[in-house]
Amino acid sequence: MNGCRLNFPKINDFHLRRAVRHLRQGGVVAHATEGVWGLACNPFDCQAVARILAIKGRSPDKGLILIGASADCFAPELEPLTAADRRAVQSTWPGPVSWVLPSERFPVWITGAGLGPRPTVAVRVPGHVQARALCERFGGPLVSTSANPSGVAATDSVLRVRRWFGDAVDFIAPGQTLGRQGPSQLRTLGGEVLR
């Protein structure tokens, strides 16, 4: 069955409500993005973030990427930027590009060690409609880190996500990736591409 792609159901209103209920109760939700499956949680819930880090076996020093339904979700981070930097960031959204920006409000368990003396946070507005809908229904940004054990390549397979994490994830939102190869690109305002 090489080249054959299974069609999984798309997320609907019932699934969105169920996913958001888990997120608001400190849960971890697996969801599709442009290229890989992600694990989402409430970025302001330190226990939920700790669960994701434990599930993945990931160091808290690395920081986490946040996704939002629109650029408005990141207005506090975008507002201090120059007009040119704001245009550069927003020209890539929605899409598979995350930007490392100065953190104006996110806790240390999100920003990690950062890239300098000031806390930073990686943010993006995904090109995946269902991922944006999840953020919109939740009412704010969400952690979205690739759904893979640390040190293992990210996956576009929901079956692999189920095998890796099983019951450690509270809900797997129906959906599929959009066929992009790998996770989002990660850029700095200085023009550096980190991945």
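The values are calculated or read from the model by the stated rules, or taken from the named source; none is laboratory data. Quick caveat: nothing in here was measured; it's all calculated off a predicted structure. Backbone-built Cβ (ideal geometry, glycine too); neighbour counts: all protein chains shown.
Kindly indicate whether any position in the range 184-193 is modelled with pLDDT under 95, assigned to a strand (DSSP E or B), over 24 Å from residue 69 (Cβ atoms) and among the aliphatic types (A, V, I, L, M). Yes, the range 184-193 has at least one match. In this structure, does residue 153 turn out to be surrounded by fewer than 16 Cβ atoms within 10 Å (Cβ to Cβ) and not in a strand (DSSP E or B)? Here the answer is yes, as residue 153 does meet what is asked.
Per the listing 183, 102, the residue uniquely surrounded by fewer than 19 Cβ atoms within 10 Å (Cβ to Cβ), touching a Lys or Arg at 6+ places or on another chain (Cβ under 8 Å) and not acidic (Asp, Glu) is 102. Evaluation of residue 82 against the conditions (1) modelled with pLDDT under 90; (2) surrounded by fewer than 15 Cβ atoms within 10 Å (Cβ to Cβ) shows that the sole unmet condition is (1). Give just the number: which of (1) crowded, with 19+ Cβ neighbours inside 10 Å; (2) over 24 Å from residue 62 (Cα atoms); (3) small (Gly, Ala, Ser) does residue 166 not satisfy? Status for residue 166: all satisfied but (1).
Within the range 16-46, the set of residues being out of contact with any strand residue (DSSP E or B) (no Cβ under 8 Å at 6 or more places or on another chain) and under 15 Å from residue 137 (Cα atoms) comprises 16, 17, 20, 21, 24, 25.
Of all residues in the range 146-173, those that are among the hydrophobic types (A, V, I, L, M, F, W, C) and free of Cβ contacts under 8 Å to residues at least 60 places away in the same chain total 4. Condition test on residue 103, is it farther than 20 Å from residue 191 by Cα and touching a residue at least 12 places away in the same chain (Cβ under 8 Å)? In short, no. Of the residues making up the range 40-79, those that are in contact with a Ser or Thr (Cβ under 8 Å, 6 or more places away or on another chain), of a type in the set (Gly, Ala, Ser) and either surrounded by fewer than 14 Cβ atoms within 10 Å (Cβ to Cβ) or at pLDDT 95 or above (or both) number 3.
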